[in-house]
1. Taking into account only those residues within segment 70-85 that are touching a strand residue (DSSP E or B) at 6+ places or on another chain (Cβ under 6 Å) and open to solvent by less than 70 Å² (accessible area, probe 1.4 Å), which is farthest from residue 48 (Cα to Cα)?
2. Which condition does residue 121 not pass, out of (1) touching a residue at least 24 places away in the same chain (Cβ under 8 Å); (2) within 19 Å of the chain's Cα centre (by Cα), if it passes all the others?
3. Identify, from the list 101, 57, the residue that is open to solvent by 40 Å² or more (accessible area, probe 1.4 Å) and among the hydroxyl-bearing types (Ser, Thr, Tyr).
4. For segment 77-124, name all the residues that are among the hydroxyl-bearing types (Ser, Thr, Tyr) and either farther than 21 Å from residue 46 by Cβ or at pLDDT 95 or above (or both).
5. Could you list all residues from segment 65-111 that are under 17 Å from the mean Cα position of the chain (by Cα) and among the basic types (Lys, Arg)?
6. Tally the residues that are of a type outside the set (A, V, I, L, M, F, W, C) and in contact (Cβ under 8 Å) with a residue 12 or more places away in the chain, restricting the search to segment 71-86.
7. So is residue 91 open to solvent by 80 Å² or more (accessible area, probe 1.4 Å), part of a helix (DSSP H, G or I), of a type in the set (S, T, N, Q) and without any contact (Cβ under 8 Å) to a residue 60 or more places away in the chain or not?
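The values are calculated or read from the model by the stated rules, or taken from the named source; none is laboratory data. What you see is a predicted model, and the numbers here were worked out from it, not measured in a lab. Here the Cβ positions follow ideal geometry from the backbone for every residue, glycine too, while neighbour counts run over all protein chains shown. Note: areas computed on protein heavy atoms with side chains; ligands, DNA, RNA excluded. Shrake-Rupley method; radii C 1.70, N 1.55, O 1.52, S 1.80 Å.
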Amino acid sequence: MTTVVTALIVATTFWGSDDFFPFAPFKMYTHPADLDGAVNSTRLEAVNADGVRFKFTTSNSGLRRAEIEGQMSRFRDDPEELKYVAQSYENTNPDKAEVVTVEIIVRYYDLEDGERSGEVTEKVVASWTKEGEGSA
C-alpha cells in the first residue's frame, strides 16, 4: 500500500493536476512571485436591481474566490456563464434584490523588493448584464 501511495504522489507531482489532490500539490502555490513584478487579486462584484454595487463573498453567495479564479478562462471566453453566479447568489439570498450585473475584477499590484510600490490598476476581465438591464 505504501508503495502505491508513494508512486501516485511522485507520478501526479510531475504529470498531475490539482484534480488529483491529495496525491498532487496545488500548482497555484508552487511558483514564487517576482519580488519586482506584479501580483493580482481577483474579486467578484455585482449590481442589484436597486442599483447597489456589492462584493460577492463566500457567506453571501456560497462561492469561494478560488472557484472563480479556477474558472477564469471559462468566464472570459463566455461571460454569459456569470449568470449562474448571479443565480447562486439569488438562491442563497431569496429575500435580496435580484442581481442584474456580475463582474470579475482583477486588481494588479506592482511590487518593488517584495513590497507594494503604490501602483495599483484594476481591470474588468469578464462582465455579464441581465438582458434588458443596460450596463452598470
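1. The extreme case among them is 75.
2. (1)
3. Values: 101 fails: open to solvent by 40 Å² or more (accessible area, probe 1.4 Å).
When all the criteria are applied, what remains is 57.
4. From segment 77-124, those among the hydroxyl-bearing types (Ser, Thr, Tyr) are 84, 88-89, 92, 101, 108-109, 117, 121; that's our starting set.
Residues satisfying the conditions are 101, 108, 109, 117, 121.
5. Here is the first cut: in segment 65-111, the residues under 17 Å from the mean Cα position of the chain (by Cα) are 65-89, 101-109.
Across segment 65-111, the qualifying residues are 65, 74, 76, 83, 107.
6. So in segment 71-86, the residues of a type outside the set (A, V, I, L, M, F, W, C) come out as 71, 73-74, 76-81, 83-84.
Then keep just the ones that are in contact (Cβ under 8 Å) with a residue 12 or more places away in the chain; that gives 76, 79-81, 83.
Of the residues in segment 71-86, 5 are of a type outside the set (A, V, I, L, M, F, W, C) and in contact (Cβ under 8 Å) with a residue 12 or more places away in the chain.
7. Details: open to solvent by 80 Å² or more (accessible area, probe 1.4 Å): yes; part of a helix (DSSP H, G or I): yes; of a type in the set (S, T, N, Q): yes; without any contact (Cβ under 8 Å) to a residue 60 or more places away in the chain: yes.
Yes; evaluated as a whole, the condition is true for this residue.
Every residue, every condition in (1) part of a strand (DSSP E or B); (2) at pLDDT 85 or above; (3) open to solvent by 90 Å² or more (accessible area, probe 1.4 Å); (4) over 26 Å from residue 105 (Cβ atoms), yes or no:
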residue: 13; (1), (2), (3), (4): no, no, no, yes
residue: 25; (1), (2), (3), (4): no, no, no, yes
residue: 33; (1), (2), (3), (4): no, no, no, no
residue: 42; (1), (2), (3), (4): yes, yes, no, no
